[in-house]
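Report on the structure given below.
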Amino acid sequence: MSESGINHKFAFYLGCIAPNRYPGVESASIKAMKKLGVELVPLKGASCCPAPGAFGSIDLKVFYAMAARNLVLAEQMKMDIALVCNGCYKSIWEVNHKLKHNKDLRDDVNEVLKEVDMEYKGTINVYHTAELLYNDKFIGIEKVRDSVTNPLTGARVAVHYGCHLVKPHKDREFEKEVMLNTECPTWMEELVAATGATPVEYRNKMQCCGAGGGVRGYDIVHALDITNEKLINLKEVGVDALTDICPFCQLQFDRGQIEIEEKFGVKYNLPVLHFAELLGLAQGMSPQELGLDLHGISCEPFLQKVL
Amino acid sequence: MARTKGYPEALEKKLRDQRYIREDSNPEFTKNVKAISRTIAHMCYQCGTCTGSCPSAPRSSYRIRKFMRRAVLGLENEALTDPDLWLCTTCYSCSDRCPRDIIPTDVIMSMRNLAFKRDIVPVNFLKTVQAIYASGHGVPNNDVNRAAREKLGLTRDPPTTHMYPEYMPGIRKIIDHYKLKAEADRIVKEREG
């Protein structure tokens, strides 16, 4: 470890929902990662990734160009990107990967970027913070465990992996091979265990939250019905909280529970926390510091258990 | 066809005869889907693993396997005018499990792109384009959140296009290059007046 305690620096790509709906995810990530020797530097002027479902469905060419613009901003900083959202990972990582390996796409994109004095070169990599936490090349489980000052002992926590970080695994290239298992992965459960909480398995845990692909906007009842199925499966095993690594999934589970109550008349009151928030709690940050009061579903019952 | 290269011509002819073409098939559609999706829909043998993996299938009439067949047969109108096209959550479970290494999700994405070219598109998708054109964000900041950010010790606006609006002209130039905003505006206006 260097004198400052910082071993790695990344350009922090925020996306939309984390900074604009769950700002606690942003502040928790910055603080928690700093304690683990990783500095997240703001990626100035970044835009929406853009949304892979809603924007990509309209025109993939524009989608590639817009994602490439965000990548170029980081290339200009000569820094790899770290991000906190599966949807952003799908756009930013996948477009980076596609442009690196397909000259025709790269040429198309650069023709447009020329108009704004930019050029995509393919000089950086893109990582999800969950991946940085799990991979000991950057941080690793041991260090995560060592950073815990307030172990979340006794709390039963289930994991929602979401889709776009790990699927389709045929196209993904993780250094940690276990992350390529998309039928029943357990690497996030290992991270949950490192916070002192008890990870809990549940039926069909790899199912989608229902929000993606523009479906939340197109047919909210359909999207919520998928979410509801997951909530039923979670209720079956009894958990104190659900943790996710995607603010969009978080929005769907958290605000979605309020909508489910309105539309289906079912109440779950299941606290939903981004893993950055969960880790923040375990590292001794206060609920106020993490902005947990901004959640649609109160985190109080869970907090009473762990604080 | 690479598969029959070196085989007698008769075999190639036989395979050609067996290709099932309906009157409403448009071979161009098959080609366009392949070009945009960059996946191999024609390798599909209709096993149905995709539909079996699909979270949208149990709660709707959306059948991804059906769309795969439409891609192969070039059934353009049938595919693009089906409202189920927009029920894919793009979870990629089908793509994860496809025994033919096809990415059915990307076939759906390409069909949505082609539908948009014919003005067939739900308005919420266009509104995302408009929002990004306006502020750079699909989900923009608001005053309640600004106050919350301040309390957390963050800047009121995140250090994105929100804090640095000088980046917006570049973004608009990229979107305008494809005339996407103009198209979105036109369709939204036609629908909503």
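The values are calculated or read from the model by the stated rules, or taken from the named source; none is laboratory data. Predicted model only: the values in this text are computed from it and were never measured. Neighbour counts are summed over all protein chains in view; Cβ atoms, including those assigned to glycine, are modelled from backbone coordinates with ideal geometry.
Every residue, every condition in (1) under 15 Å from B:Asp106 (Cβ atoms); (2) within 12 Å of another protein chain (Cβ to nearest Cβ); (3) surrounded by fewer than 17 Cβ atoms within 10 Å (Cβ to Cβ), yes or no:
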{"site": "B:Ser37", "(1), (2), (3)": "yes, yes, no"}
{"site": "B:Tyr45", "(1), (2), (3)": "no, no, yes"}
{"site": "B:Thr49", "(1), (2), (3)": "no, no, no"}
{"site": "B:Ser56", "(1), (2), (3)": "no, yes, no"}
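Exactly one residue out of A:Gly217, A:Gly238 is in contact with a helix residue (DSSP H, G or I) (Cβ under 9 Å, 6 or more places away or on another chain) and either more than 16 Å from B:Cys91 (Cα to Cα) or not aliphatic (A, V, I, L, M) (or both), and it is A:Gly217.
Of all residues in region A:125-164, how many are without any contact (Cβ under 8 Å) to a residue 60 or more places away in the chain, part of a loop (DSSP other than H, G, I, E, B) and crowded, with 22+ Cβ neighbours inside 10 Å? Result for region A:125-164: 0.
Restricting region A:176-192 to residues that are of a type in the set (Val, Ile, Thr) and not in a loop (DSSP other than H, G, I, E, B), the residue that is nearest to the other protein chains (Cβ to nearest Cβ) is A:Val178. Is it true that A:Ile81 is modelled with pLDDT of 95 or more and more than 10 Å from chain B (Cβ to nearest Cβ)? It is true that A:Ile81 is modelled with pLDDT of 95 or more and more than 10 Å from chain B (Cβ to nearest Cβ).
Sort out which residues of region B:129-177 are surrounded by fewer than 17 Cβ atoms within 10 Å (Cβ to Cβ) and either among the acidic types (Asp, Glu) or on the phi > 0 side of the Ramachandran plot (or both), and write them in order of number. Selection gives B:Asp143, B:Glu150, B:Gly153, B:Glu166, B:Asp176.
B:Ile120 falls short on exactly one of the conditions (1) more than 9 Å from chain A (Cβ to nearest Cβ); (2) over 25 Å from B:Leu80 (Cα atoms), and that condition is (2). In region B:14-30, the residues that are closer than 24 Å to B:Asn77 by Cβ reach residues that are at pLDDT 85 or above and among the basic types (Lys, Arg) with C-beta atoms within less than 9 angstrom, at least six apart or across chains, in these pairs: B:Phe29/B:Arg70. Look at region A:278-304: where a residue is within 14 Å of chain B (Cβ to nearest Cβ) and a partner is of a type in the set (Lys, Arg) and not in a loop (DSSP other than H, G, I, E, B), sitting 6+ places away or on another chain with Cβ atoms under 6 Å, you get A:Gly296/A:Arg255. Just to be sure I understand, how many residues within region B:69-116 are of a type outside the set (Phe, Trp, Tyr) and not in a helix (DSSP H, G or I)? Of the residues in that region, 14 qualify. Determine whether B:Leu126 is buried (at least 21 other Cβ atoms within 10 Å of the Cβ) and either under 20 Å from A:Phe248 (Cα atoms) or touching a residue at least 24 places away in the same chain (Cβ under 8 Å) (or both). So B:Leu126 fits the description; yes.
Can you spot a residue in region A:113-122 that is within 11 Å of another protein chain (Cβ to nearest Cβ), touching a residue at least 24 places away in the same chain (Cβ under 8 Å) and surrounded by fewer than 19 Cβ atoms within 10 Å (Cβ to Cβ)? For region A:113-122, residues within 11 Å of another protein chain (Cβ to nearest Cβ), touching a residue at least 24 places away in the same chain (Cβ under 8 Å) and surrounded by fewer than 19 Cβ atoms within 10 Å (Cβ to Cβ): present. The one condition from (1) touching a helix residue (DSSP H, G or I) at 6+ places or on another chain (Cβ under 8 Å); (2) at the interface with another protein chain (Cβ under 10 Å from one of its Cβ atoms) that B:Arg100 does not meet is (2).
Inside region B:138-193, can you point out the residues that are among the β-branched types (Val, Ile, Thr) and touching a residue at least 24 places away in the same chain (Cβ under 8 Å)? Within region B:138-193, B:Thr160, B:Thr161, B:Ile171, B:Ile175, B:Ile187, B:Val188 qualify.
Being within 19 Å of A:Phe248 (Cβ to Cβ), at the interface with chain B (Cβ under 7 Å from one of its Cβ atoms) and not aliphatic (A, V, I, L, M) is true for just one of A:Ser47, A:Ser29. Which residue is that? Testing whether each residue is within 19 Å of A:Phe248 (Cβ to Cβ), at the interface with chain B (Cβ under 7 Å from one of its Cβ atoms) and not aliphatic (A, V, I, L, M) leaves just A:Ser47.
Do we find a residue being touching a helix residue (DSSP H, G or I) at 6+ places or on another chain (Cβ under 9 Å) and farther than 20 Å from A:Leu242 by Cβ anywhere in region A:160-168? Yes; the residues of region A:160-168 include at least one that is touching a helix residue (DSSP H, G or I) at 6+ places or on another chain (Cβ under 9 Å) and farther than 20 Å from A:Leu242 by Cβ.
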